[in-house]
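What follows is one structure encoded as C-alpha cells, with my remarks underneath.
The values are calculated or read from the model by the stated rules, or taken from the named source; none is laboratory data. Only a predicted model underlies this, so the values are computations on that prediction, with no experimental measurement involved. Neighbour counts are summed over all protein chains in view; Cβ atoms, including those assigned to glycine, are modelled from backbone coordinates with ideal geometry.
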Amino acid sequence: MNQILRKGWCPTLERPMETGDGLLVRLHIRYGIVSAANALVIADCSTRYGNGLIDLTSRGNLQFRGVKHKEYEALFTELTQHGFTQEPRPERSLYPDYLPSLGYLPVDVDRGTIGLGLAFGRLDAAMLKWLAEVAQHYGTGALCLSPWRAVYITQVKKAEALRVIETAKDKGFITDSHDSLRMIQTCSGAPACSSALGPTRELAFALARTLPDLLDAKHTIHVSGCAKGCACPQKSSAVIVAQPEGYDIAWNETASASPDHIALSAENILNTVRSAL
Ligand code: SF4
C-alpha cells in the first residue's frame, strides 16, 4: 500500500492523508482543467470509495474525503486506470483584491461563460456530476477550476446559460459575485479534521448570514479549526481560530498570530465581528 501521511504534509493521489473522517486523497489537476468525463469518474468514485464529499482547494485541486483504509487501494487502481497520475503541485494563488465574477459572463452576443461558486470550496458528488453534464451538453466538455472556489464552463449559448444558472442556485451553487459566502474562508474543522479544536463551517455560515452587508473583498473573514490556517495563508480582516475553550479572534492577521480576543463563544464572535468590521 502507498504511504499514508499522518499530519503536516500535503496529501496526493499516491500519499493519502489520515483525517478525522477517513483518508483524504488529493488530485492535482493540471492547469485547473478537468474533462467532463474525468469529473464524472471523480463524482462516481467519491460515492463508492469516500463519503461523497469533494473539496475544490485553494490551489485549484480536487480532493476526496472519507475514503476508507480498506478501499484506498481499489480507488487508487481505478483512478490510475482512468489516466489520473501524480501531477506536480500547483502554486497557491494569493487571495486577490477582487474576486473573479460569477453568473453569466458574456464573451460575444450569444455565447459566454458560466461561473459558479462553491461555499468554502465544498461540493458533493451530485453537484459535480451535474456540472460535468452541463459542460458536456452545453459547453466545451471541460470544467475550469478556479482556486477562488469557483467552476467555470465556457462557450455556452446565452439562453441556455441563463437557464443553467437558475438551476445552479437551487442546487446550492453561488451565482452572485457579491455573495458574502465568498468573503469567508474556512477549513473542514471538527470533526472532519483530526487536528481541529472545534467546528468551523457552522460558524462560517452563521457569519455569512449575519454580516452580508459588511463583507467584501477588502473585509474578509477566516474561520480556522486550528492555528495552522490551511484555508487561507494570508491575513484576513478577522481571523477566528477554534480553541478548546471557544474561539480566539485576531484582526488583520493570519491564523497563527497572537489573538486580540480569547475564548469567545460562537454568539459572542458574531457580535464582536459585527461591531469591529
Ligand atoms: S487548519 Fe483546519 S484543516 Fe488545517 S489542520 Fe487545522 S483544523 Fe485541520
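For the structure I just gave you, tell me whether ALA231 is touching a strand residue (DSSP E or B) at 6+ places or on another chain (Cβ under 6 Å) and without any contact (Cβ under 8 Å) to a residue 40 or more places away in the chain. No: the conditions fail for ALA231. Restricting attention to segment 222-264, the residues being more than 10 Å from the ligand (Cβ to nearest atom), part of a strand (DSSP E or B) and of a type in the set (A, V, I, L, M, F, W, C) number 9. Take the conditions (1) outside any strand (DSSP E or B); (2) within 16 Å of the ligand (Cβ to nearest atom); LYS169 misses just one of them, which is (2). Whether a residue is assigned by TED's automatic domain parsing to the domain that holds ASP108 and either part of a strand (DSSP E or B) or not hydrophobic (A, V, I, L, M, F, W, C) (or both) was assessed, and VAL134 does not pass this test. Out of segment 199-213, which residues are buried (at least 17 other Cβ atoms within 10 Å of the Cβ), in a loop (DSSP other than H, G, I, E, B) and more than 12 Å from the ligand (Cβ to nearest atom)? LEU211, the sole residue that qualifies.
If the condition is being of a type in the set (Asp, Glu) and without any contact (Cβ under 8 Å) to a residue 12 or more places away in the chain, then segment 159-183 contributes GLU166, ASP170.
Going by the conditions given, is TYR104 under 15 Å from the mean Cα position of the chain (by Cα) and either part of a strand (DSSP E or B) or surrounded by fewer than 21 Cβ atoms within 10 Å (Cβ to Cβ) (or both)? In short, no.
Residues of segment 153-163 that are surrounded by fewer than 22 Cβ atoms within 10 Å (Cβ to Cβ) and not acidic (Asp, Glu): THR154, GLN155, LYS157, LYS158, ALA159, LEU162, ARG163.
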